[in-house]
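Take a look at the structure set out below.
Rule-based calculations on the coordinates, nothing more; no lab input. Computed from a prediction, not measured in an experiment: that's the story for all the values here. Here the Cβ is made from the backbone with ideal geometry for all residues, glycine too, and neighbour counts use every protein chain on show.
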DNA sequence: CCTACCGTTGACGTTAACGTAAGACTTGGA
DNA sequence: TCCAAGTCTTACGTTAACGTCAACGGTAGG
């Protein structure tokens, strides 16, 4: 019943330097510093020298941010909102570990659920519109294909006759 | 059996001035001029004075461009590609009206179909990833909801006992 | 024909989201 | 201890996609 400590293998949650996070996520150190500058992503800690130290949680957050950016096309400002909502989840989690009263925990959890619901709704709206757009494209494709078939049969009749 | 001409009602395809197109589509005149500058959208004609004249076709194209921008988050450069593909469709249509040989028309049509297919594929890729992302969000929501239910039942038992 | 818009062409300004470069300091391994 | 590689801050540069302003000319309705 040892703890999860094992110092001879690379600790799974050893602090990451900025370059490591960058390599693991595909963003540049500059981007991480910029995100910090605008209050989007804080390092887990700093060394006395000023060097930034990240934990795997932050690395995951980087990936999350990139998805919100690339997939949903949100601006960093919008992403801040979304993350602020999601942080409610984190607060709820912390409250769970601490000795927070059940009622308080319920409240936080409900907030988090609500924030999540709004995000899903937002995504669904977007999905709906993209699907409609795609279907229009498919429709056009079908009409063109039909027209092509028509032309082809014309051509074959001409070849026969 | 008159033609579709009727000059006493507002002609459906009367040339539109830049401000009209702007109002009808929600973009600014500046944006239309910019799109023209980068070769994204040409007016149907110019007056001698230099004033731009658009037809309903261009107005529709504006809406189309905005959808590609907002919904799919494409850059104007990417949109140029997409539109170039779609213009193949237009060329095929023109060839159909003209006395182009059936074989030529078939070729153009096939190109258009292929371009459309690639666009649909692209959209589907995006859709797939967005759906996965949404489902992850929903999953998280479900876990939180379950946790909340747990807390609630805890609370009610405490209230009873 | 007059007037109130509408439009034109420059040309410079703006915002988001970083890139890049300089100069100094840290860190980690041989 | 030493050196290469990494990191720090500061600050200016860049790109896309327009916004804004000035100075000027065209358009349309009464």
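Miscellaneous remarks
- Per-residue Cβ neighbour rank within 10 angstrom, fewest leading, A:153, A:49: A:49, A:153
- Between the alpha-carbon centres of segment B:125-161 and segment B:31-103 there is a gap of 47 Å.
- Placing a label point 7 Å from Cα along the Cα-to-Cβ direction at residue A:49 gives distances to the equivalent points in the other copies of 6.9 nm, listed shortest first.
- Taking all Cα-Cα distances within the protein assembly as shown, those exceeding 36 Å account for 45%.
- Degrees, to the nearest 10: A:56-70 long Cα axis against longest axis of chain A: 30
- Using C-alpha pairs under 8 Å with a sequence gap of at least 6, the mean separation divided by the residue count of chain A gives a relative contact order of 13 percent.
- Computed from the Cβ-Cβ distance with R0 of 30 Å, the FRET efficiency linking residue B:45 to residue B:96 stands at 0.80.
- Distances in nm from residue A:103 to the matching label points in the other copies, shortest first (labels 7 Å along Cα to Cβ): 8.6
- Choice from A:112, A:100, A:145 showing the highest fluctuation, given a GNM over chain A with Cα pairs closer than 10 Å: A:145
- Compared with the dominant Cα axis of chain B, that is its longest principal axis, helix B:102-160 is turned about 20°.
- Cβ nearest the rotation axis (A onto B), residue from chain A and distance to the nearest whole Å: A:73, 2
- Cα-based equivalent ellipsoid of segment A:47-87: semi-axis lengths in Å, sorted from largest, via gyration tensor: 24, 11, 10
- Number of partner chain Cβ atoms within 10 Å, mean per residue of A:118-127: 4
- Each 10 Å bin, from zero up to the one with the longest distance, holds this percent of the alpha carbon pairs of chain A: 8, 23, 24, 19, 9, 7, 6, 3, 1.
- For the peptide A:151-159, the mean number of other protein chain Cβ atoms found within 10 angstrom of a residue's Cβ is 2.
- Every helix of 4 or more DSSP H residues in chain A counts as -39500 (n - 2.57), and over all residues that averages to -24500 deg cm²/dmol at 222 nm.
- The mean number of Cβ atoms from other chains found within 10 Å of a Cβ in peptide A:128-135 is 5, as a whole number.
- Here the mean projected area of the convex hull built on the C-alpha positions of segment A:108-161 is 4.1 nm².
- Hydrodynamic estimate: the Kirkwood radius of segment B:12-71 over Cα pairs, inserted into Stokes-Einstein at 37 °C and 0.692 mPa s, corresponds to D of 285 µm²/s.
- Projected over every direction and averaged, the convex hull enclosing the alpha-carbon atoms of segment B:25-106 yields 6.8 nm².
- Label spacing, shortest first and in nm, from residue B:75 to its equivalents in the remaining copies (7 angstrom along Cα→Cβ): 1.9
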